[in-house]
Amino acid sequence: MAKEDFRCVHRLRVRWAEVDMQRVVFNAHYLTYIDTAVADYWREIGLDYPEGYVQKYSNDVFLRKATVEYLGSARYDDELAVYCRVAKLGRSSFTWAFEIHAVELLLTAELVYVNADTRTMKSAPLPEELRARVRAYEHTKPTED
């Protein structure tokens, strides 16, 4: 995917505690980096999460699937850019696309979140406000079911 397809970019520097005995970032930390980028995305579309979303709609989103492809390794003190976008809007789910770059592309990932009613914990349609904010924010419009 082209970097221009991503509007949300979270930047960070690798901390010593995130590096393992092989002197590279331990693989699970990349999902933490992605989660931090998702928090930035919610802020950028102007829909506070969790307070604004969960309280307003009595819905929450739950991770259903994570696919990660490791292409390289980050090291202590590397500056990373986590690119984040919503690639697909389903009826009750949305798919996020991510890339993590240092100098080169280190990782691609796809996460699928399912929207659920917090009272019943059953799948619920994505609120139209969320859909509209995502559509308005993205450079490349998400595909929709």
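The values are calculated or read from the model by the stated rules, or taken from the named source; none is laboratory data. Predicted, not measured: the structure shown is a model, and the values here were computed from it. A quick note on method: Cβ atoms are made from the backbone with ideal geometry, for glycine too, and the neighbour counts reach across all protein chains shown. The accessibility values were calculated without ligands, DNA or RNA, using every heavy atom of the protein model including side chains. Shrake-Rupley method; radii C 1.70, N 1.55, O 1.52, S 1.80 Å.
Per-atom-type breakdown for the chain gives carbon and sulfur 50% of the accessible area (1.4 Å probe, protein chains only). DSSP bridge analysis restricted to segment 82-145 gives an antiparallel fraction near 90%, rounded to the nearest 5. Residues in the chain average 56 Å² of solvent-accessible surface per residue, probe 1.4 Å, ligands and nucleic acids excluded. Peptides 137-145, 78-86 ranked from most to least packed by the mean count of surrounding Cβ atoms within 10 Å: 78-86, 137-145.
Set the Förster radius R0 to 35 Å, insert the Cβ-Cβ distance between Arg91 and Ala28 as r into 1/(1 + (r/R0)^6), and round the FRET efficiency to 0.05. Working from the Cβ atoms, E equals 0.70. Where Lys and Arg each count +1 and Asp and Glu each count -1, what net charge lies around Val54 among other residues with Cβ under 12 Å from its Cβ? Around Val54, the charge tally is -2. The magnitude of the dipole of segment 95-145, with charges of +1 and -1 set on the Cβ of Lys/Arg and Asp/Glu and taken from the Cα centre, is near 240 debye. With the cut-off at 1.5 for a/c, could you classify segment 74-120 from its C-alpha gyration tensor as rounded, prolate or oblate? Prolate. Across all Cα atoms of the chain, the radius of gyration (one decimal) and Dmax (whole number) stand at 15.8, 47 Å. Here is the tail figure for segment 97-142: Cα pairs spaced more than 15 Å apart come to 65 percent of all pairs.
Note on segment 28-69: the alpha carbon radius of gyration divided by the globular reference 2.2 N^0.38 Å gives 1.30.
Between the beta carbons of Ala132 and Met1, assuming R0 = 30 Å, the FRET efficiency works out to 0.80 to the nearest 0.05.
Only protein heavy atoms count here; under a 1.4 Å probe, Val54 has an accessible surface of about 40 Å².
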